[in-house]
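Visitor: This structure is in structure tokens; I'll ask about it shortly.
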Amino acid sequence: MPAPPTPRRTRSDARQNRERLLEVAARVFAERGLDTAPAAIAKEAGVGVGTLYRHFPTREALVDAAYRRQLALVCDKVTDLLTRHPAAEATRLWMADFFTYVTAKRGMSAALDAVIASGSDPYADSHALLGAAVATLLTAGTHDGTLRPDVTPDDVLLLMAGVAHAAQYGTTEQSGRLVSLLLDALTRNP
């Protein structure tokens, strides 16, 4: 019996094209809205429209992938922040970045609803991804004594959901104040 074929590896230029498309799509969607023509995104990314459709056969697939990529990039910042700051400060900086991301994706809500209607769930991995980022911050804060040890990642995610909702309808200044209030609730009191 012959061995099963080995899956082909994606060429590096194809991976780079995909990443560039996602980067441009996220920025363009935030700046110009979701009605931006896929051809404009492809052109700005420096690839042909065929390349865009090879990676993302529908607008919904592009929106879904752009959303997931942006959230992953935000969550991936936790480790770097913790290497440069005490946990409480890293948490404040990370939350500020997260709420900036939430505000920027305000216009994506309708498109994400369309993604869900098409059978995909862009939020499927969000809770786990965010929970892992918050758990890492809380663990570091417990170890360095800057964050309360009695708070769970789910507690923080629930509080963040409220702030995220408010951030979508408030000002940048209000979001900053809400992050400060949230961090006050998480900070260990002497």
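Visitor: Students often check this: by mean Cβ neighbours within 10 Å, which of 34-44, 167-177, 86-96 ranks highest, and how do the rest follow? All intermediate terms of the calculation are to be shown ahead of the outcome.
Guide: Working: 34-44: 15.8, 167-177: 14.1, 86-96: 20.8.
Per-residue mean Cβ counts within 10 Å order the peptides as 86-96, 34-44, 167-177.
Visitor: Another question about this same structure. How far apart, in nanometres, would the label points at GLN174 and ALA61 be if each is projected 7 angstrom from Cα along the Cα-to-Cβ direction?
Guide: 3.9 nm
Visitor: So for each of 63-71, 16-24 I average, over its residues, the number of other beta carbons within 10 Å; can you give me the resulting order with the highest mean first?
Guide: Sorting 63-71, 16-24 by mean packing, highest first, produces 63-71, 16-24.
Visitor: Right, next: Could you tell me whether the stretch 41-108 comes out rounded, prolate or oblate from its Cα gyration tensor? Rule is a ≥ b ≥ c as square roots of the eigenvalues, rounded for a/c under 1.5, then prolate if a/b exceeds b/c, otherwise oblate.
Guide: Cα axes put the stretch 41-108 in the prolate bin.
Each value in this text was obtained by applying a stated rule to the coordinates, not by laboratory testing. Everything numeric here is computed off the predicted structure, so don't read it as measured data. Don't worry about glycine lacking a Cβ; one is built from the backbone with ideal geometry, like all the others, and counts go over all protein chains shown.
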